Each structure stands twice: as structure tokens, then as C-alpha cells.
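The structure appears below as C-alpha cells.
The values are calculated or read from the model by the stated rules, or taken from the named source; none is laboratory data. Given the structure is predicted, the values throughout are model-derived calculations rather than measurements. Quick reminder, even Gly has a Cβ in these numbers, built from the backbone with ideal geometry, and neighbours come from all protein chains shown.
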Amino acid sequence: MCAELGRFERLAVDQEDAGSNPVAHHMSDLITVRKNIFFDREKHRYFERLPGGERTIPSVSQVLKATGQLDKMRFIHPRYAQRGTDVHYAIAQDLRGKLDRWEVKPEILPYLKAFWAFMHEYKPEMVDCEVAMYDPIHDVCGTADAIFRFPKSKTPRREDLVDWKSGAFDDSHRLQLAGYDIMKWGKNWLKHGMGPVYLDKFGRHNYMPYPVQYQMAAGAEWVRLVQRFSDNRFELFKGES
């Protein structure tokens, strides 16, 4: 399937987004994806540092939005967007053993309790968290929330990609996860599982691992979408960077 994916033309250097000082980022806000490619956590922007400035690299979410898989008219209140960011950050810190529970915001605590309940029920072994990735074939970036091994998995040592969701169910989640799955494991992506974990304000969790048939269908659809994005890159990505 990956053989169907054509190479993207490289984006021109985005001087407008780079500003007067294109490398004036706080290093604490940056995650290194690979050599010269970074993720700006604060601006949620992937970029490549070049001699003449910076080149914005589209994310999986931006590909989905540009191809009409996300509702462009849907308004997300800044408070809820910030809540999602805070939930993801708190979970990542907890997985790393760095979370100060006394400093957790009260509105975040129920979602953390839901996460703890998930961990208690499934007892997964963490492989990695906040995995920033770059696909050189597609020239697309993405960050997977966590990769686990589940003790009850029928496939020994299989790694599963998990994404935390603090909002409502959306059909685009399967495509987002398929994009990450293919980006992480390439031609071996179907040998690994994927699924979202929905966390709510009542401290409840709902883990939805995708059956392999569902995973395969989502991956095939992601391939078609990313190829469409490739064919119409400059028109579709206009205004998304």
C-alpha cells in the first residue's frame, strides 16, 4: 500500500510564518522530530530549519482538514482547546513520572482520573509517549500520544498506538490514527494495533481498539486522502500553515 504513495514536492520556505527572526524559538517549546525538523509545542507547528529560514511541514490533522475530513466551520472554544492541551500534557508528564499532582488544575483532574482508571484496568507497558514523527515519503508530520504493549494482546510484544481524546467521538479519529500508524511502522503498520481512549469529565474512560479490518479500511482511506493532498498540495495547504 505504501508503494502507492507518491513523493510530495517540497514546500517553499514560509518566510511570512517565520517572521523577522525565523529561528527565535524557545528550545523548551521545541521537540526534535529528526535532524533539522522540529515541533513547536506552543504553536502546534512542524517546521524544517533551512539556511534561508523555515519551511512549514503539514501535520496529519492539517491534511485531514485540507481534504475536508474535519469540519472547517466547527468552532472549538479556546477554553476547551486549552483543556485538551493540558490533559495531554498532564498525561505525558505522568507517564514520564514527572507529574506534580498537587499542581494539577481542578478541571483537568477528572480526565486524569479517567486515564488512571484506564491504566489500572488494562495495565499496559509503556513503550514511548509523545512520539513526534516525520514521513519523508509524504512530507507530513504527526505526534502519537503513546505507544503501549498490552499484556492480554494475542500477539506477543505487539506495540499499539493510543491517542487520548478528551472531547466527543469524531469519525476523523480513525484516519488520524491510521496516518500515525503508517508513519510509525511503514509497511509493517498492520502488524500493530491502534485505537483512541476517550476520557470524560466524570472520570470515565472508553478504550476503542480498532479491529484489523477497520484499521485496514482506515489506512486505505488515509492513503487516498494523502495522495489527493499530494496532487493538490499548494491549493489545499493554502491558509493551513
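Test Ala217 against the stated conditions and say whether it is at pLDDT 95 or above, under 19 Å from Leu64 (Cα atoms) and surrounded by fewer than 21 Cβ atoms within 10 Å (Cβ to Cβ). Before the answer, list the steps.
Values: at pLDDT 95 or above: yes; under 19 Å from Leu64 (Cα atoms): yes; surrounded by fewer than 21 Cβ atoms within 10 Å (Cβ to Cβ): yes.
It is true that Ala217 is at pLDDT 95 or above, under 19 Å from Leu64 (Cα atoms) and surrounded by fewer than 21 Cβ atoms within 10 Å (Cβ to Cβ).
Quick check on my filter: what residues within the range 179-211 are farther than 13 Å from Arg158 by Cβ, aliphatic (A, V, I, L, M) and touching a strand residue (DSSP E or B) at 6+ places or on another chain (Cβ under 7 Å)?
Of everything in the range 179-211, those that are farther than 13 Å from Arg158 by Cβ, aliphatic (A, V, I, L, M) and touching a strand residue (DSSP E or B) at 6+ places or on another chain (Cβ under 7 Å) turn out to be Met183, Val197, Leu199, Met208.
Inside the range 79-173, counting only strands (runs of 3 or more DSSP E) that do not spill past its ends, which hold 2 or more residues that are loosely packed, with under 14 Cβ neighbours inside 10 Å and either free of Cβ contacts under 8 Å to residues at least 60 places away in the same chain or not β-branched (Val, Ile, Thr) (or both)? Spell out the reasoning first.
Numbers: elements: 125-135, 140-149, 160-165.
Of the strands (runs of 3 or more DSSP E) lying wholly inside the range 79-173, those with at least 2 residues that are loosely packed, with under 14 Cβ neighbours inside 10 Å and either free of Cβ contacts under 8 Å to residues at least 60 places away in the same chain or not β-branched (Val, Ile, Thr) (or both) span 125-135.
Residue under question is Arg45, and the condition is that it be in contact with an Asp or Glu (Cβ under 8 Å, 6 or more places away or on another chain), under 19 Å from Ala144 (Cβ atoms) and touching a residue at least 40 places away in the same chain (Cβ under 8 Å); does it hold? Give the steps one after another, and end with the answer.
Working: in contact with an Asp or Glu (Cβ under 8 Å, 6 or more places away or on another chain): yes; under 19 Å from Ala144 (Cβ atoms): yes; touching a residue at least 40 places away in the same chain (Cβ under 8 Å): yes.
Taking the combined requirement at face value, the residue satisfies it.
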